[in-house]
Amino acid sequence: MLASVLGFTAIAAVVVLMPGADTILVLRTSLRFGARKAIVTAAGVVCGPVIWGALAGLGMALVISRLPIIYSAVALAGALYLVYLGIGSVRAARTLWRRRSESAETAPAVVSPPHSAFLTGLMTNLLNPKIGVFYLAVMPGLFAPGDVTIWLGALLGAIHGAIGLIFLTAVAIFAAYVRRFLTRPTVSAAVELACGLCLFAFALFVIMETVAAMLA
C-alpha cells in the first residue's frame, strides 16, 4: 500500500507541474488582486482533487467516464466556465486600457471577496471531468480492487491537492512579486488580455476535443 501511495504521489507531482487552466487562473488572480487572494483561489482549486478522488473511490467518476453524454456535459460546462473567466479578463484589459492615462494612485482598486476567489478555483477544477478519469486510470494499476474505497480516493486527492497547493502558492507569490513591476495600466492590460486568451484557448481545446469524441 505504501509503495502504491508513493507511486501515485510521483505521478500526481508530474501532473501538477503540467501547466493548465488552474495555473493560468491563479496567475491571473495574483496579478490582479495579489498573492493572498491567489492563494485562496489555489485552495479552492486543490479541493477539487479531494472531491474527484473520493468520487472515483465511490464509483461516481466511473459513471461519468462510461456515459459519454454526462462526460460531455460536464466538459462543455467547464469550457463555458473558462470562457466566462476569459471574458472577465478581456473586460478587465479593456478597462485598464481606458485608464492608461491615469496614475496607479488614482486608479480605483479592484475588490473581490475571498469566497468568490475560492469558489472560482473550486469550480474550475470540479468542472474538469478529466481529473476524475485520471484517478480511474491510475488507481486500478496501483491498488488492488478491494483496496479502492472512498477514503483511499480522498487520501489520494488530498496528496494531489497538497502538491498542487505548494506549486500554485509558488506561482501566486512569484506573480505577486512581478506585479510590482506591472503598475502601468497598458502593461496590466496586456497581461490581462494574455490570460484571457489563454483561458479561451483552453476552453476551445476542451470544446474541440469533446465534440470530436461525440462525433467519433
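Going through region 8-20 one residue at a time, which ones are modelled with pLDDT under 90 and small (Gly, Ala, Ser)? Scanning region 8-20 gives a single hit, GLY20.
Of the residues making up region 5-22, not a single one is within 23 Å of GLY121 (Cβ to Cβ), among the hydroxyl-bearing types (Ser, Thr, Tyr) and touching a Gly at 6+ places or on another chain (Cβ under 8 Å). Across region 45-89, the qualifying residues are those that are of a type in the set (Ser, Thr, Tyr) and closer than 30 Å to VAL191 by Cβ, and the one among them that is surrounded by the fewest Cβ atoms within 10 Å (Cβ to Cβ) is TYR84. Pairing each residue of region 146-175 that is surrounded by fewer than 20 Cβ atoms within 10 Å (Cβ to Cβ) with any residue that is part of a loop (DSSP other than H, G, I, E, B), provided the two are 6+ apart or on different chains, yields C-beta distances under 7 Å for ASP147/MET1.
Selection over region 90-129 of residues that are buried (at least 18 other Cβ atoms within 10 Å of the Cβ), modelled with pLDDT under 90 and part of a helix (DSSP H, G or I) gives a count of 3.
The values are calculated or read from the model by the stated rules, or taken from the named source; none is laboratory data. Predicted model only: the values in this text are computed from it and were never measured. When we count neighbours, we look across all protein chains shown, and the Cβ atoms used for this are built from the backbone with ideal geometry, even at glycine.
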